[in-house]
């Protein structure tokens, strides 16, 4: 057989690569309850679908005769795979080889993975564990010089965010460039108790007098609540499943058609519980998530960023099998008032919908921007206007359901009023430039002071204004397009989805 010696050497080198950082370091990885990079890649990909690219890349160790004695593989593994039958670029860090540090990295591999995703229009999934090729003090001594910082291949990371779905799973302690790769994505998550993320780790920040362990400095609970990552899950298995679910709603690339899934959930399904979903007492909270689960296709609601910006719910879901982006107020948190974080979350989510052509369905119960000193310190109005601008520059179809409150500038962020309004209000709809509650006493101060019975007079004013605030008065002026029976919400939104995506 020709080339027998060369093919044997190829197999030898591949076998050495599969040993990763060696038996001891792989065992140490497993002892921490973590999978190694090759196990992760195989569990993330469809069975038998992963084809590695660059397996022979690394550092060979040779004897005096130039014969290969040993081999240290690169600490970055990538290739082509399929996930739920769809082709993707799948990449993972090997923490067993120098903890992912730069002196074990071959930067061209990381660049090529990102470039492949962009040029071939493929989603990319990053399994990140370590610095991800970031800096190492030891490597500077080996090089004999320092260098001006630059990020080779980062231009492809930027391009990918504009063109293909990007998923990053932080599966260990990630710092520096590794942390940057986590957040440079459309969907990112951490594993509770296993993942940590820092600009710089505990040993470095100790120099500024902060003595913290990994969990206290950069645990999953911190970053899921500040918006640096989108979600936190309980296990690596759950992380892989979340990545699969997220990608199932998106096209393979920006501009590609959305994928419909078969559903047995009828378009005309009307849920009787919606009649009692919103209490008649305007001051009482209720479960917006229960409404969403009732209206969307059964078991299709996939919430993103649940722990931060909590006045807004952002989720992917399906209507008659079509994927949609769901934006909704959460009246159980601060009455649904938009904080600075809520506005940032909304802006990011609307950008995701625009990038991949997902129609937006917005369920509104927004009493306005958060007020008070802390809200002012947080620059709520700036971030709120950024979110408002994002909604007004949105190009995707938009449907709005006014469930209850819509007040002020934040209430106006329900949609771009200059476009056709595919909009419905429930009978509980309540809107205006500012809430009537709390404003009556100010507006009618002099009248109330002159009244013989101020309390009775105030009650009479409230009764008159309650008639004025009726959503049917607004409908008379055609300032709201339709007031609907809440049970009609699903059929109408399925109609919307089929019109804008299915036709």
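All of the numbers you see were taken from the coordinates with simple rules; none came from a lab. Small disclaimer: the values here were computed from a predicted structure and weren't measured. Quick reminder, even Gly has a Cβ in these numbers, built from the backbone with ideal geometry, and neighbours come from all protein chains shown.
Across the chain, C-alpha contacts under 8 Å between residues 6 or more apart give a mean separation that, scaled by the residue count, equals a relative contact order of 9 percent.
For the chain, the longest principal axis of the alpha carbon atoms and the long axis of helix 380-392 meet at an angle near 90°. What FRET efficiency comes out for residue 420 versus residue 466 if R0 is 30 angstrom and r is the Cβ-Cβ distance? Round to the nearest 0.05. Efficiency for this residue pair is about 0.45. Return the FRET efficiency for the residue pair residue 31, residue 307: r is the Cβ-Cβ distance, R0 is 30 Å, and the value is rounded to the nearest 0.05. So, using R0 = 30 Å, E works out to roughly 0.50. State the Cα centre-to-centre distance between the stretch 228-263 and the stretch 317-331 in whole Å. Using only Cα atoms, the two centres lie 14 Å from each other.
Calculate how many DSSP beta bridges within the stretch 13-248 are antiparallel, expressed in % of all such bridges and rounded to the nearest 5.
45 percent
Helix 340-356 and the long axis of the chain differ in direction by around 70°, with both axes built from C-alpha atoms. Projected label points at residue 283 and residue 452, each 7 Å from Cα along the beta carbon direction, are separated by 2.9 nanometres. Pairwise Cα separations in the chain fall into 20 Å bins from 0 onward with the following percentages, short to long: 21, 46, 24, 8, 1, 0.
Length gained on full extension, residue 499 to residue 65, computed as 0.36 nm times the residue gap minus the Cα-Cα distance: 149.1 nm. Per-residue ellipticity at 222 nm from helix content only, as computed over the chain with -39500 (n - 2.57) for each DSSP H run of at least four residues, stands at -10500 deg cm²/dmol.
The angle separating the long axis of helix 4-18 from the principal Cα axis of greatest extent in the chain is about 50 degrees. Stretching residue 298 away from residue 442 to a fully extended chain increases their span by 47.2 nm, per 0.36 nm per residue minus the current alpha-carbon distance.
For the stretch 272-502, what mean projected area does the convex hull of the alpha carbons give, in nm²?
It is 13.3 nm².
Based on the Kirkwood approach, the hydrodynamic radius assigned to the stretch 13-248 is 18.1 Å, with every pair of different Cα atoms included.
Taking packing as the residue-averaged number of other Cβ atoms within 10 angstrom, the listed peptides 165-172, 345-352 run from highest to lowest as 165-172, 345-352. Relative to the current alpha-carbon distance between residue 146 and residue 238, full extension at 0.36 nm per residue lengthens the span by 29.0 nm. Modelled spin labels at residue 473 and residue 159, positioned 7 Å past Cα toward Cβ, are 5.8 nm from each other. For the pair residue 204 and residue 351, what calculated FRET efficiency results from E = 1/(1 + (r/R0)^6), where r is the Cβ-Cβ distance and R0 = 30 Å, to the nearest 0.05? Efficiency, from the Cβ-Cβ distance: 0.40.
Here each label is just a point 7 Å from Cα along the line to Cβ, and for residue 484 and residue 7 those points are 6.5 nm apart.
Using only C-alpha positions, report the orientation-averaged shadow area of the convex hull of the stretch 209-287, nm², one decimal.
Details: hull surface 46.1 nm².
One quarter of the hull surface, i.e. the mean projection, equals 11.5 nm².
DSSP beta bridges confined to the stretch 290-387 are antiparallel in about 70 percent of cases. For the pair the stretch 435-500 / the stretch 1-74, the C-alpha centres are spaced 68 Å from each other.
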